[in-house]
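Notes for the one structure printed next.
The values are calculated or read from the model by the stated rules, or taken from the named source; none is laboratory data. All values derive from a computational prediction rather than experimental measurement. Every residue, glycine among them, receives a Cβ derived from its backbone with ideal geometry; neighbour counts consider all protein chains shown.
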Number of protein chains: 4
Amino acid sequence: MTKIAFIGLGIMGSRMALNLLKAEVPLIVHNRTKDKANELIEKGAEWASTPKEAIEKADIVFTMLSTPQIVEDVYYSDQGLKAGFKKGTLWVDSSTVNPSFSEKMAEEAASIGVRFLDAPVSGSLVPAEKGELIFLVGGTKADFDEAKPYFDIMGKVSHFLGENGKGSSMKLLINLLLAQSMATFTETLRLGEAMGFPQTQLLETLLNHPVTPPILAGKKSKWINDDYSPEFPLKHMHKDLHLVAETAFELNRAMPLANAAKEVFAQAKQKGLGDLDLSALYKSIE
Amino acid sequence: MTKIAFIGLGIMGSRMALNLLKAEVPLIVHNRTKDKANELIEKGAEWASTPKEAIEKADIVFTMLSTPQIVEDVYYSDQGLKAGFKKGTLWVDSSTVNPSFSEKMAEEAASIGVRFLDAPVSGSLVPAEKGELIFLVGGTKADFDEAKPYFDIMGKVSHFLGENGKGSSMKLLINLLLAQSMATFTETLRLGEAMGFPQTQLLETLLNHPVTPPILAGKKSKWINDDYSPEFPLKHMHKDLHLVAETAFELNRAMPLANAAKEVFAQAKQKGLGDLDLSALYKSIE
Amino acid sequence: MTKIAFIGLGIMGSRMALNLLKAEVPLIVHNRTKDKANELIEKGAEWASTPKEAIEKADIVFTMLSTPQIVEDVYYSDQGLKAGFKKGTLWVDSSTVNPSFSEKMAEEAASIGVRFLDAPVSGSLVPAEKGELIFLVGGTKADFDEAKPYFDIMGKVSHFLGENGKGSSMKLLINLLLAQSMATFTETLRLGEAMGFPQTQLLETLLNHPVTPPILAGKKSKWINDDYSPEFPLKHMHKDLHLVAETAFELNRAMPLANAAKEVFAQAKQKGLGDLDLSALYKSIE
Amino acid sequence: MTKIAFIGLGIMGSRMALNLLKAEVPLIVHNRTKDKANELIEKGAEWASTPKEAIEKADIVFTMLSTPQIVEDVYYSDQGLKAGFKKGTLWVDSSTVNPSFSEKMAEEAASIGVRFLDAPVSGSLVPAEKGELIFLVGGTKADFDEAKPYFDIMGKVSHFLGENGKGSSMKLLINLLLAQSMATFTETLRLGEAMGFPQTQLLETLLNHPVTPPILAGKKSKWINDDYSPEFPLKHMHKDLHLVAETAFELNRAMPLANAAKEVFAQAKQKGLGDLDLSALYKSIE
């Protein structure tokens, strides 16, 4: 039976791996800090002390890491994936990275005979937990078909979008829309408060209005309870906006609004709010 | 039977007045240029050659004008409302203006014994035509109740939001969210095209995604057909964003994102796209 | 001998009036709060308890007020200028206002037979004190020539720039450049500190470099001593940037950078720094 | 006698190398395309067909390249510097890059026993030609002293600013100030034209005013003659602003104004103006 390695057990990765385990997929896991793997190990996952060790024992590897730099580390380091990859292995990178990085890693993988899918996910903590993520996938159709049973366990739908880089591209577009919605809604909410409306009235009226993206309704309780425990950490969205800016630079596109939103997130991060949920922008735009 | 004066017969006003007429409300109409009133006159509306004449014969007046300056002209000019108002008349201003302007006009009206509601509407051409507008109303509850039967004819719901200015305040918040959504979605759409996605694939994927406000789906055909005939003219949205900036200035609020979006609309208007639908931002962010 | 009325005795006006007094110009002064006039009265200026009283006794009136709204109040109020103006009087408005406001007031003045110059000044506290201001003047050449002897007392140079509004126009351009320089220099200074350079090294290197406007060198001691006593209050510059935004709106010009800088000043004002010198942006961009 | 290799013979590098040659410094040159080296070869420089060949014959190497990626290529490629470096060689990189890149290359160089200075220059075509550049240098004082005689030939002053990265850091700050000045001045100039001032009057008044950086006066003839032949190509400034954004991201600094200016340059580049002088922003902000 196909053995899966899963590397990167943060907020998202830990839930995704757990769903694989529940579906009785043979699983070997690795994370920079072992404590995040404990629950999975108790429930039957095998522990690998390095990425190299993980991939040596597996047929397919999923990586779910927070920045392109960490993906590079996991791949290139002494005990990294590159050192352990067998020819023909399928590497599915679900990290949110810039498209040109996915393209570069796909080429790098191909140069050592490894197949590569960029397969970032749309959805944060709760969909990850429920197995309701959306996979956005770039690569070959054959590789997509091979990985699809696992996407189906961890998600509710998976889209094959074309060649390598296309998964990461679509992911960036979606996160950009989410970031913009969050930032502009928060700024508007604060203006409404300054106009004299109670916060609850504003949330009732504006969150249900068709000018507001439905996804924001999911944050209502965070604003009401002033509790910003992270589902999607603010600093990760800031990083995603930075990847958008890099991609726009590479593609020769001016994006004044994306960059303005990036700096609103930067101000919040500079104030020390980076580890909170992205809805904590509300505390920054005070 | 209560006679209604309706002043301002543009894209919105002409549809609203027609719905009153269809409901057999006795109606007297005025517009700066008479040709826009012809259809209404044919269908039974009385014509008034000045605002003064209109209000002298009516018990309630609705105004639906495009800028605060035009509202002032209609009120203060020689043959304006002020010259004709009887004590106790109810003035319902459905123009989109800044809240402090509504407050000022309410005070002005009170000083000559006239009651005032700021009652701007959410919704553009099609809802106006179908009588499905949303009225956002500031003033006294008693005046709101008196006007409500007419709101019910022209709209599907009317919200009483508090004292004068609150209707205009909520309207600005909603238009701000719409403007931001349009501007950021368009910028994102153009990035997606530069990434190599076909426009149709992007519209399919992104318009149905919960990160996108449902209202934008109504613009899909405009993008696909490259036809930007106006439902909500771009220049009016630019004006609304300018009112937001003024209001933020008055309330001592920094709004970097609202101002950035304002300038994206300004660039489009500077390129001569002001009379097209606001979705024509797509032609500006090329 | 020609008698001069001077209305508005703030940071700038008090110094300007004092220079007229030192030059033995017969002077009648007015200010909303009398205490700011005490020094001038002691030194020989006559006190007028209202603008009306001031202008009734004078041949030329200078106004030096902080916003267009205050100019309107001083003109239109019961005991305002309009109530006291004699035909043929010359009104020199040195307030920083938007050009369309100057044009409007010039028309208003003309309608009651009063001549009008918009004559804002370039230069803040120290040049005002030393009589080294620069007058930027719009109106007729004959009126300019009549006022020039007084410009020469209060300033080192006066430019006749064309019809009414042109003085205010040039003033806005200069203040816009100053605001932009201050805001971008401060942001750059803070980046330099984050790079690890000591503040003093940055100030030494960057203030003397040809990429930096010479005027900023005058703020060096404020940064070094962390003392932001006002020469040019931050809130006034914010107001000027708001006038720029209004003017750009009227002239159909997109100005993304001016608006971005406006919001940086707005953030500082929102934090309560408005009464400090505009160099206190440094405390806001922390 | 010490032999110098000079790699990168663009607008700047070709003039710098020529000055070394005129000062009778033994010189070996390389460029991606040989034609740019012809004049130097005629005047006595030796040609190297690869970076490797150049460095094998030299004691000190200067690189003057347009992006960090090209520096990496010149270093890491098969026939690159790394393949030819002798232990103890001094590498002086005068390219404008981000500080963290300089730090990384310094470490990389150290790992193979090569000494490294980041030594970008302030000044464009004309100062390069006249030998009046300003060198901004990071590294060890001993290495700086060794390179100083060559800095003195190519420049009028050289600043030792501290450890590796400090030269690149100061360079970015200066270019950021220049970019901001150019962008905000251009936007202001266009507003002034819309106000009705002739371009020549604006240039006369504003370029000589202390709110404007002296360096901009050097662009006056470009605006007057509508001739934007490149001294400092617009696309390079856009790249520098991108490096600023990357550096701010790394240092956790929000920089809304730097990012707004970056996008103004991006719009100009997107319109095809990238190869013109950066003053061609005037054609973009039309």
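Computed values, structure above
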read-out	value
Test: residue A:154 is of a type in the set (A, V, I, L, M, F, W, C), more than 22 Å from residue A:61 (Cβ to Cβ), touching a residue at least 24 places away in the same chain (Cβ under 8 Å) and more than 8 Å from chain B (Cβ to nearest Cβ)	no
Inter-residue pairs, beta-carbon under 6 Å, first under 20 Å from residue A:85 (Cα atoms) and in the range A:7-30, second acidic (Asp, Glu) and surrounded by fewer than 20 Cβ atoms within 10 Å (Cβ to Cβ), 6+ apart	A:28/A:46
All positions within the range A:260-278 that are farther than 16 Å from residue B:258 by Cα, in contact (Cβ under 8 Å) with a residue 24 or more places away in the chain and within 8 Å of chain D (Cβ to nearest Cβ)	A:266, A:269
Hits in the range C:234-259 (condition: at the interface with chain B (Cβ under 9 Å from one of its Cβ atoms) and not in a helix (DSSP H, G or I))	C:252, C:253, C:254, C:255
Residues of the range C:83-95 satisfying the condition of being within 25 Å of residue C:149 (Cα to Cα) and surrounded by 14 or more Cβ atoms within 10 Å (Cβ to Cβ)	C:84, C:85, C:89, C:90, C:91, C:92, C:93, C:94, C:95
Which listed residue, of B:258, B:254, is crowded, with 21+ Cβ neighbours inside 10 Å and out of contact with any Ser or Thr (no Cβ under 9 Å at 6 or more places or on another chain)	B:254
Residue C:124 vs. criteria within 25 Å of residue C:276 (Cβ to Cβ), more than 9 Å from chain D (Cβ to nearest Cβ) and among the small types (Gly, Ala, Ser)	yes
Pick from the range D:140-155, criterion surrounded by 20 or more Cβ atoms within 10 Å (Cβ to Cβ) and touching a helix residue (DSSP H, G or I) at 6+ places or on another chain (Cβ under 7 Å), ranking: farthest from residue D:236 (Cα to Cα)	D:150
Search result, residues across the range A:61-71 that are in contact with a helix residue (DSSP H, G or I) (Cβ under 9 Å, 6 or more places away or on another chain) and at pLDDT below 95	A:66, A:67, A:68
Residue list for the range D:106-126, restricted to those being without any contact (Cβ under 8 Å) to a residue 24 or more places away in the chain and either over 15 Å from residue D:93 (Cα atoms) or of a type in the set (S, T, N, Q) (or both)	D:111
Count of residues meeting criterion [touching a Ser or Thr at 6+ places or on another chain (Cβ under 9 Å), of a type in the set (A, V, I, L, M) and free of Cβ contacts under 8 Å to residues at least 60 places away in the same chain] in the range B:41-69	5
Any hit, the range A:206-217, residues being farther than 19 Å from residue D:248 by Cα, modelled with pLDDT under 95 and buried (at least 16 other Cβ atoms within 10 Å of the Cβ)	yes
Flag for residue C:176 being buried (at least 23 other Cβ atoms within 10 Å of the Cβ) and touching a strand residue (DSSP E or B) at 6+ places or on another chain (Cβ under 8 Å)	no
Count of residues meeting criterion [closer than 21 Å to residue A:25 by Cβ and surrounded by 24 or more Cβ atoms within 10 Å (Cβ to Cβ)] in the range A:156-173	0
Of all residues in the range D:174-203 being within 20 Å of residue C:100 (Cα to Cα) and in contact (Cβ under 8 Å) with a residue 24 or more places away in the chain, the one that is nearest to the other protein chains (Cβ to nearest Cβ)	D:187
Selection within the range A:257-286 - of a type in the set (S, T, N, Q) and more than 18 Å from residue A:175 (Cβ to Cβ)	A:267, A:270, A:284
Conditions (1) in contact with a Pro (Cβ under 7 Å, 6 or more places away or on another chain); (2) within 8 Å of chain A (Cβ to nearest Cβ): number failed by residue B:171	(2)
Count of residues meeting criterion [modelled with pLDDT under 95 and in contact with a Gly (Cβ under 6 Å, 6 or more places away or on another chain)] in the range D:230-257	0
All strands (runs of 3 or more DSSP E) inside the range B:1-102 with 3 or more residues being of a type in the set (Asp, Glu) and in the same structural domain as residue B:137 (by TED's automatic domain parsing)	none
Scope the range A:103-120; condition buried (at least 19 other Cβ atoms within 10 Å of the Cβ), farther than 17 Å from residue A:147 by Cα and touching a Gly at 6+ places or on another chain (Cβ under 9 Å); matching residues	A:103
Condition check for residue B:258: within 17 Å of residue A:178 (Cα to Cα) and touching a Leu at 6+ places or on another chain (Cβ under 8 Å)	yes
Per-region count, the range D:204-233, residues in contact (Cβ under 8 Å) with a residue 40 or more places away in the chain and either within 7 Å of chain C (Cβ to nearest Cβ) or of a type in the set (D, E, K, R) (or both)	3
